[in-house]
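Structure, as structure tokens:
The values are calculated or read from the model by the stated rules, or taken from the named source; none is laboratory data. From a predicted model like this one, the values you see are computed outputs, not experimental measurements. Cβ placement follows ideal geometry from the backbone for every residue including glycine, while neighbour counts extend to all protein chains displayed.
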């Protein structure tokens, strides 16, 4: 029982603070080997994974812009927006009016399969990645911004790259980071955009390294980033360890509590505790999340 209470306290400590949430964060992206698909403005085998950290409507997401930089992280390159009608279609199937904290939204190239809008987050399926995620294909559910001051593509580079998400209208020019909500990236010699990210979000958001083709850059931490690169991407799921604890035990448990009637909230805390205990046991036995 004391162990259960301790885990419950851990879950409560992971819940987002009202009024201080960033709304959405970049959690992982992949440096692929394929060219940009015609009509999409994104490399066909690459993806970006976002995590919703506060309840967010389709309209609010559609008002954001996101993209990446050039290889020297000195200028913004591709600028995309979420398609509101596609997001609303995903919500309609779930019966919800907003995407819940702990939701993963993947934006992927046309070579990585069809869109997946089967969104169905429930209090009893917190560890079900398919239920808590959607996948949008570039050129369909996520589209190149109509604003053309910055008119490049999303094509992750080896030498350096920053993937970012910004509030409000598209950036004013290719060095404007004033609206950035969140960003992660890498560069051995950070350029202007990477330096701005370090100044605004912390040095932990930019890894001092290159990223080989076929590798992913992942946040293996929580709301405080801990970046790592490896060859095993986890598109649409948590990145293991602290990232899973934050995603499932923190954000999703918080979302489930907000949706549940008052009498059921203690039971949900217990459910979240059991999920964390099971994952910690697997980690102890060497079962790394893949």
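Among the residues of the stretch 96-118, those that are touching a strand residue (DSSP E or B) at 6+ places or on another chain (Cβ under 9 Å) and either farther than 19 Å from residue 47 by Cα or modelled with pLDDT under 95 (or both) comprise 98, 99, 100, 101. For the stretch 73-110, residues that are out of contact with any helix residue (DSSP H, G or I) (no Cβ under 9 Å at 6 or more places or on another chain) and under 26 Å from residue 233 (Cα atoms) total 8.
Can you pull out every residue in the stretch 111-136 that is touching a helix residue (DSSP H, G or I) at 6+ places or on another chain (Cβ under 6 Å) and part of a strand (DSSP E or B)? Answer for the stretch 111-136, where residues must be touching a helix residue (DSSP H, G or I) at 6+ places or on another chain (Cβ under 6 Å) and part of a strand (DSSP E or B): just 134. Pairs meeting the criteria (first residue in the stretch 53-64 and surrounded by fewer than 20 Cβ atoms within 10 Å (Cβ to Cβ), second residue not in a helix (DSSP H, G or I), beta carbons under 6 Å, at least 6 apart or on different chains) are 57/98; 62/82.
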